[in-house]
Amino acid sequence: MEIVKKCKETFTGNLDMILSFMGFSLGLFIVSLYYLINLNQQDIGLAVLFACLIYYVFRKKFKNEAPISPGKDELKSALNLSFYFVFLISILIYSMHLYYRPLSYFILLCVLAGIIASEILYVKKGDRVAPILLQIFLLSILIRSGIYYNFPSLMGYDAYAHAGIAKLITETGTVPPIEISSKYFYYPLAHIFVSMTQLMGGLDVKDGFFYSIGFANIFITAGIYLIGKKLEGPQMGLLAALLINLNNHNIVTGITNITPGSLVLCYFIIILYAVFSEKPGLVQAGLLLLATILMVLTHQLTTFVVFLAMISILAGKYLHNLLYGSLPTASGSFNYILFFVISLQTYWMFTYVTRDTSFFEMIFKPLVEVLQSGSSYSSDELIVGSATSQSSMEVLILHISYLALPFFAIGGVLTWFSRRDAEKINKFSIALVVAILYGLAYGIPLLGMRNFLTSRWFPLIAVFLVLVSASYMLKLVSLFSSRKAKVSAVFAIMLVFSFVMITTPGINKDNPLVGKDTTVRNQFKNIEIQAVKTLTGMYSGGILMDSPYDSCLFYRDPGYDVNNATYFDTEQIESKEISGDHMILLRRSSLGEPVSINDPERYGVNIIRPLPAEFFNSFDAPKYELVYDNAEVLAYLKKSKEAN
């Protein structure tokens, strides 16, 4: 027994060292596969390799949270004043441009993020944090409103479907039948929430989404601050709140493609705050159960990810008890998990995706098939990675954008597994959650399953990533001894971090600074929307258009049947022939901007490219008649057919 005890103490005392060595070896292995079998994932390998190496080299020099003493430091006052000055300039630049945000706007947003991070270094326990939280909220609102209101249309794909349901609830006062709402007939809370906001504020559906779920996603991040404060202190909590508002996954979920899953993120943070509350009791239990019930009635898969996270937290606490002899987890944790699993499974079994398939069957049947016979849907591209023709700068920015947060998170996880931090049960369990959820998010697609939609897990996983990343960033800054060096270091880190996060194509359809050739604009100008309104009011037949311009059918004439419209595919583009009776809509912008062209031979595959000029010009022929032209959108009909 004495030998076992010593081995366990050696293992737990050097857990971070063991994991850093394993991580370094894994990174080296992934990089080597690039040269051996052309595995195009060397960027992930390099991120893991250097994150583990940097931690190993500097681990003994890290210090605990140590705020800069303000004293008579004029820099602190200058930072506070400069934030509001730069903020006003940013608003001015934004207001001077329509459908476009210049590079100066993005740079100023990054400067604002750097200023906030610098101010956080001056915070110590007992200080008022409301002024800094206010700055975080203002920056977040500026980023999100700049994206959301730069065009009059909604942004995203799923957002239009959910907006349609919310709009019908507002107009009729009831949830639309299952024939209209589909599976969301059973998950109506987010749509009801938006509708209530519309009615109380007299808003249209676009503003309803922003002022309900959009604002909720911004202000609920105060919960991240409270969780971080409990774990390590106010500096870490504030920095984590800043990071989650800059993370592009959370910007997508919170504003650029609002879905019911966006509201689940808010419930999730409430649940985590209740779980890590220092004073558990009746109020905490009530908050936990209420948020869980609301979440189950709001969305399916994102709720399942929350369930996995709660299971991982509980597993982490019991593993911590086994390794470090901490106090056993309260039985209430088991009771809560039992309540969660019964609620989730029961509701899934009685909610239907089709007439014959429950949501439970739709999710788990492919899993059973994969385990029994393997997957037939996996692809080499998924594992090897697709080749691109982008410039080196574009590749660098795009890769850093999805690796920056995991890079700092790896260092944070290793730190929280170190002898100094691992004895804290909450830190240990959160570090374990990061490892488990990231492993599942990357592992499930490699099995060939797409029905778990693991790409949508990342905003929820980011809740944990920002906590460990913020902790690690502060430790990296602690390596510097002078006040100016610390401020300069955190400013530089946040400047670069925010730049790669807020310039990604996924959240900048109006002005993608990188990936211009592969970024499909799904926001539309008034002139593009008006074309659809006018033509659907005059024509009831089939309409062909590019994707995602078909999203503008949300603004169609109320009498037009949306099922009569579809979009171009590769066969039509190549043959330049349109069979049947259709009105063809062509946007002049599609000659220079890429659109999404469906490949009918391969399910779920789209070709991203501008419309060929030959295809565009083929309608300027005797057999077609130009029936509409508003300088941006053209409409053609075959001369042999008359419009209805």
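The values are calculated or read from the model by the stated rules, or taken from the named source; none is laboratory data. Computed from a prediction, not measured in an experiment: that's the story for all the values here. With ideal geometry, Cβ positions are generated from the backbone for all residues, glycine too; neighbour counts draw on all protein chains shown. Accessible surface is based on the protein model in full, side chains and every heavy atom, while ligands, DNA and RNA are left aside. Shrake-Rupley method; radii C 1.70, N 1.55, O 1.52, S 1.80 Å.
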* For the stretch 406-430, which residues satisfy the criterion of being under 25 Å from A274 (Cβ atoms) and part of a helix (DSSP H, G or I)? -> A409, G412, V413, W416, D421, A422, I425, N426, K427, F428, S429, I430
* To do: Specify the residue that is most open to solvent (accessible area, probe 1.4 Å); the eligible residues are those in the stretch 1-36 that are in contact (Cβ under 8 Å) with a residue 24 or more places away in the chain and within 25 Å of L396 (Cβ to Cβ).
  => F24
* Asked: Condition test on F480, is it over 20 Å from the mean Cα position of the chain (by Cα), modelled with pLDDT of 90 or more and open to solvent by 50 Å² or more (accessible area, probe 1.4 Å)?
  -> no
* Filtered residue count, the stretch 79-122, keeping only those that are closer than 15 Å to F491 by Cα and either open to solvent by 50 Å² or more (accessible area, probe 1.4 Å) or not in a helix (DSSP H, G or I) (or both) -> 4
* To do: Evaluate the following for P131: is it open to solvent by 20 Å² or more (accessible area, probe 1.4 Å), outside any loop (DSSP other than H, G, I, E, B) and at pLDDT 90 or above?
  => yes
* Asked: Only one of A485, A492 is part of a helix (DSSP H, G or I), of a type in the set (A, V, I, L, M) and more than 20 Å from F407 (Cβ to Cβ); which?
  -> A485
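Per-residue answers, yes or no, for (1) over 23 Å from K427 (Cβ atoms); (2) open to solvent by less than 20 Å² (accessible area, probe 1.4 Å); (3) in contact (Cβ under 8 Å) with a residue 12 or more places away in the chain:
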residue	(1), (2), (3)
N245	no, yes, yes
I255	yes, yes, yes
K279	no, no, no
T298	yes, yes, yes
V305	no, yes, yes
I313	no, yes, yes
Y318	no, no, no
Y324	no, no, yes
F339	yes, no, yes
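Give, as residue ranges, the helices (runs of 4 or more DSSP H) completely inside the stretch 139-216 that count at least 2 residues that are open to solvent by less than 50 Å² (accessible area, probe 1.4 Å), farther than 21 Å from Q530 by Cα and at pLDDT 90 or above.
In the stretch 139-216, 158-172, 189-201, 205-209 are the helices (runs of 4 or more DSSP H) which contain 2 or more residues that are open to solvent by less than 50 Å² (accessible area, probe 1.4 Å), farther than 21 Å from Q530 by Cα and at pLDDT 90 or above.
Would you check which residues across the stretch 302-326 are aliphatic (A, V, I, L, M) and closer than 26 Å to N250 by Cβ and list them?
Filtering the stretch 302-326 down to residues aliphatic (A, V, I, L, M) leaves 305-306, 308-311, 313-315, 319, 322-323.
V305, V306, L308, A309, M310, I311, I313, L314, A315, listed by residue number.
Please verify whether T519 is crowded, with 19+ Cβ neighbours inside 10 Å and without any contact (Cβ under 8 Å) to a residue 60 or more places away in the chain, treating the condition exactly as stated. Don't jump to the end; show me each part of the working.
On the way: crowded, with 19+ Cβ neighbours inside 10 Å: yes; without any contact (Cβ under 8 Å) to a residue 60 or more places away in the chain: no.
Considered against the rule, which asks whether it is crowded, with 19+ Cβ neighbours inside 10 Å and without any contact (Cβ under 8 Å) to a residue 60 or more places away in the chain, T519 comes out as no.
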